[in-house]
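Step one of this worksheet: look at the structure below.
The values are calculated or read from the model by the stated rules, or taken from the named source; none is laboratory data. Keep in mind that this is a model prediction, so the values were computed, not measured. Here Cβ is always computed from backbone atoms with ideal geometry, including for glycine, and neighbour counts include all displayed protein chains. Ligands, DNA and RNA are excluded from the accessible area calculation, which covers all protein heavy atoms including side chains. Shrake-Rupley method; radii C 1.70, N 1.55, O 1.52, S 1.80 Å.
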Amino acid sequence: EDLNRLSSISDKFSKIGSKPKLKDINIYNCIKQSEEYIQKRLPSKSKIKLSLNGNKNIIIKGDWTLLGWAFENLYKNSIEAIGQNKGHIKINIRKDNKKY
């Protein structure tokens with residue numbers, strides 16, 4: 001597991017500044033992996049709850065590693081903002097057919 005984590009970290013940093021290779025990814029699965037990673041690292045006495053809801057079948061073009069890293073940071077920043085005492089971080093995935 002440690003080797004996989006080191007490989008992941010190396011992969012993240014090697015992609016900084018380079019053009020991402022966009023592939024079809026399931027955004028729910030990508031965020032869920034980040035949530036599980038953060039959940040394992042919360043202190044055992046933490047009363048912070050993480051929940052991921054919504055459409056589990058949305059496929060987007062993206063880079064799994066970079067998006068996962070972005071969500072890890074989103075979780076970490078949210079936890080830091082609410083403190084270690086108590087809180088609930090909710091992510092709800094939905095498809096919006098608007099084009100920007």
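Flag: Leu52 matches the condition of being modelled with pLDDT of 95 or more, of a type outside the set (Val, Ile, Thr) and either under 17 Å from the mean Cα position of the chain (by Cα) or open to solvent by 80 Å² or more (accessible area, probe 1.4 Å) (or both). Applying the condition of being of a type outside the set (A, V, I, L, M) and in a strand (DSSP E or B) to the range 55-76 and asking which residue is least open to solvent (accessible area, probe 1.4 Å) yields Gly62. Across the range 10-17, not a single residue is classified as open to solvent by less than 80 Å² (accessible area, probe 1.4 Å) and β-branched (Val, Ile, Thr).
How many residues does the range 77-90 contain that are surrounded by 15 or more Cβ atoms within 10 Å (Cβ to Cβ) and in contact (Cβ under 8 Å) with a residue 12 or more places away in the chain? Quick ask: steps written out before the conclusion?
Of the residues in the range 77-90, the ones surrounded by 15 or more Cβ atoms within 10 Å (Cβ to Cβ) are 78-79, 87, 89.
Checking which are in contact (Cβ under 8 Å) with a residue 12 or more places away in the chain leaves us with 79, 87, 89.
So the answer is 3.
With without any contact (Cβ under 8 Å) to a residue 12 or more places away in the chain and out of contact with any Phe, Trp or Tyr (no Cβ under 7 Å at 6 or more places or on another chain) as the only criterion, which of Ser8, Ser18 stands out? Write out each step before concluding.
Working: Ser8 fails: without any contact (Cβ under 8 Å) to a residue 12 or more places away in the chain.
None of the others qualify; the one that does is Ser18.
Restricting attention to the range 35-49, the residues that are out of contact with any Lys or Arg (no Cβ under 7 Å at 6 or more places or on another chain) and either open to solvent by 30 Å² or more (accessible area, probe 1.4 Å) or modelled with pLDDT of 95 or more (or both) total 10.
Scanning the range 18-34 for residues that are touching a Lys or Arg at 6+ places or on another chain (Cβ under 7 Å) and surrounded by 15 or more Cβ atoms within 10 Å (Cβ to Cβ) turns up just one, Tyr28.
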